[in-house]
Every structure is written in C-alpha cells, then in structure tokens.
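The values are calculated or read from the model by the stated rules, or taken from the named source; none is laboratory data. What you see is a predicted model; the values in this text were computed from it and never measured. So basically every Cβ, Gly included, is an ideal-geometry build from the backbone, and we count neighbours across all protein chains shown. Remember, those area values only see protein heavy atoms, side chains included, never the ligands or the DNA or RNA. Shrake-Rupley method; radii C 1.70, N 1.55, O 1.52, S 1.80 Å.
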Amino acid sequence: MSTLYRDYRPNNFSEVFGQNHIKITLQNEIANHKLAQAYLFCGPRAVGKTTLARILAKAVNCTGRKASDSEPCDKCASCLSISSGSNFDVVEIDAASNTGVDNVRENIIASARVVPSGSKFRVFIIDEVHMLSISAWNALLKTLEEPPKNVIFILCTTEIHKVP
C-alpha cells in the first residue's frame with residue numbers, strides 16, 4: 001500500500017532533515033567502525049526514529065559504501081533489498097502487535113542466533129518497544145546484554161519511561 005511517509009521517506013543520512021546531533025553521531029560510528037550492539041531511539045511521533053533505524057541498518061550492511069564513508073550507496077543489492085523490505089537480515093518488528101514472550105522468543109531470540117544470510121549484520125528494529133510485556137523484556141534482556149557479534153538491536157519508542 002502506498003503512503004506518503006513511505007514514498008517520501010529519506011533513504012540516506014543526507015536526506016534527513018533535522019536530528020543533526022543523532023545523524024552526526026551515527027555517521028561517525030559507521031565511518032570509524034565503532035558500532036554499538038544496541039541503540040535506543042526515543043522521541044515524539046513522526047520525528048524519524050524508524051527512518052533513522054532503517055538508514056542505519058542500510059549503512060552498516062551496504063556493500064558499496066566506501067570504508068571511510070557513512071552514507072549507504074543505494075545501488076548495491078543489500079541497499080536495494082533493505083529499501084524494498086525484502087532483506088532477511090533486517091527484521092522490523094512492531095512491538096505493539098507482538099507484545100508476548102512467545103513472539104520475542106520466536107521472532108528475535110531464535111533469529112538472533114542465526115548467522116546473517118547475505119549481510120554483515122542482522123539488524124532488529126523493534127518499533128514501539130515500550131509495548132513489550134515484562135516477561136517479553138525478561139526474555140529479551142539476556143540477548144540484549146550479550147548479543148552475537150553480528151547482531152545490532154535498534155529499539156524505537158515514544159514513551160521512554162515505560163522501557164524497563
């Protein structure tokens with residue numbers, strides 16, 4: 001289904017308007033190969049949390065990106081598959097719809113143990129992460145604390161005070 005926010009969503013850091021402090025921090029981490037195992041993006045609705053998460057996922061998995069650059073090329077197979085939503089190594093989960101511990105075990109924990117199929121990193125973008133149940137958080141906690149080396153978690157929320 002075609003929607004304005006999906007059709008006109010930025011595809012790289014240079015297209016993102018505002019959020020310069022976050023953009024610069026992420027770009028420096030990518031360019032210097034100093035990536036964290038997990039990121040927490042928080043803020044009000046429609047500020048670009050999920051958009052930046054997708055761009056970050058694209059940039060770390062881009063095969064056409066120069067070593068000292070942080071921008072994804074948007075031309076390689078990895079960038080194209082992430083943009084189209086068909087990359088198996090970038091998993092976007094809506095925590096509002098998948099609040100239970102069984103969903104976390106099946107969709108995240110079990111999948112995090114699998115080596116990325118065609119990308120450098122397996123990236124989990126968990127949108128509205130504050131909606132996870134306490135038991136789901138407890139199940140996810142061990143994997144968040146000690147993730148496999150090729151896994152990055154990006155947690156997005158509008159209500160940071162509800163994140164344990």
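Along the range 137-150, what does the Karplus equation 6.51 cos²θ - 1.76 cosθ + 1.60 (θ = phi - 60°) give for ³J(HN,Hα), rounded to whole Hz, x for Gly and Pro?
Along the range 137-150, the couplings run 4, 4, 5, 6, 4, 4, 5, 5, 6, 9, x, x, 5, 9 Hz.
Ignoring ligands, DNA and RNA, what accessible area per residue does the range 30-164 give at 1.4 Å, in Å²?
Details: 6720 Å² over 135 residues.
Per residue, the range 30-164 has 50 Å² of solvent-accessible surface.
For the chain, what is the mean residue ellipticity at 222 nm derived from helices alone (per DSSP H run of n ≥ 4: -39500 (n - 2.57); sum divided by total residues; nearest 500 deg cm²/dmol)?
Values: 6 runs with 53 residues, N = 164.
After summing the helix terms and dividing by the residues of the chain, the value is -9000 deg cm²/dmol.
Along the charge dipole of the chain, pointing to its positive end and built from +1/-1 on Cβ of Lys, Arg, Asp and Glu, which listed residue (132, 50, 116) has its Cα farthest out?
116
Give me the net charge of residue 96's neighbourhood, meaning all other residues with Cβ under 10 Å from the Cβ of residue 96; Lys, Arg count +1, Asp, Glu -1.
Spelling it out: positives minus negatives among the neighbours equals -3.
Starting from the Cα of residue 105, step 7 Å along the direction of its Cβ; do the same at residue 24; then give the gap between the two resulting points in nm.
Label-label distance for residue 105 and residue 24, simple model: 4.6 nm.
I'd like the orientation of helix 49-61 relative to the chain: the angle between its Cα long axis and the longest Cα principal axis, in ° from 0 to 90, rounded to 10.
60
Rounded to the nearest 0.05, what FRET efficiency is calculated for residue 14 and residue 113 with R0 set to 22 Å and r the Cβ-Cβ distance? Numbers along the way, then the final one.
Values: r = 35 Å, r/R0 = 1.59.
Calculated value: 0.05.
Once the piece of chain linking residue 7 and residue 161 is laid out straight, how much longer is it, given 0.36 nm per residue of separation minus the C-alpha distance between them?
Numbers: separation 154, 0.36 × 154 = 55.44 nm, distance 3.14 nm.
Gain on stretching residue 7 to residue 161: 52.3 nm.
For a label point 7 Å from the Cα of residue 92 along Cα→C-beta, name the residues of the range 8-49 whose backbone N is under 12 Å from it.
Answer for this model: 8-11, 49.
What is the local net charge at residue 155, summed over the other residues whose Cβ is closer than 13 Å to its Cβ (Lys, Arg +1; Asp, Glu -1)? Present the calculation step by step, with values, prior to reporting the outcome.
Values: positive: 49, 162; negative: 92, 94, 127, 128, 159.
Spelling it out: positives minus negatives among the neighbours equals -3.
Given R₀ = 30 Å, FRET efficiency for residue 80-residue 134 by Cβ-Cβ distance, to 0.05? Numbers along the way, then the final one.
Numbers: r = 39 Å, r/R0 = 1.29.
FRET efficiency, residue 80 to residue 134: 0.20.
Applying the Karplus parametrisation 6.51 cos²θ - 1.76 cosθ + 1.60 with θ = phi - 60° to the phi angles of the range 109-124, what ³J(HN,Hα) value in whole Hz is obtained for each residue in order, glycine and proline being reported as x?
Working through the residues one at a time gives 4, 5, 6, 5, 6, 7, 5, x, 7, x, 10, 6, 10, 9, 10, 10 Hz.
Checking the table 66/142; 142/162; 75/149; 75/142 against a 28 Å threshold on Cα-Cα, which pairs fail? Provide the component values of the computation, followed by the final result.
Numbers: 66/142 34 Å; 142/162 19 Å; 75/149 26 Å; 75/142 36 Å.
Pairs exceeding 28 Å: 66/142; 75/142.
For residue 128, what charge total do you get from the other residues with a beta carbon under 13 Å from its beta carbon, if Lys and Arg give +1 and Asp and Glu give -1? Mind dumping the intermediate values first?
Numbers: positive: 45, 49, 162; negative: 92, 94, 127, 159.
Result for the local shell: -1.
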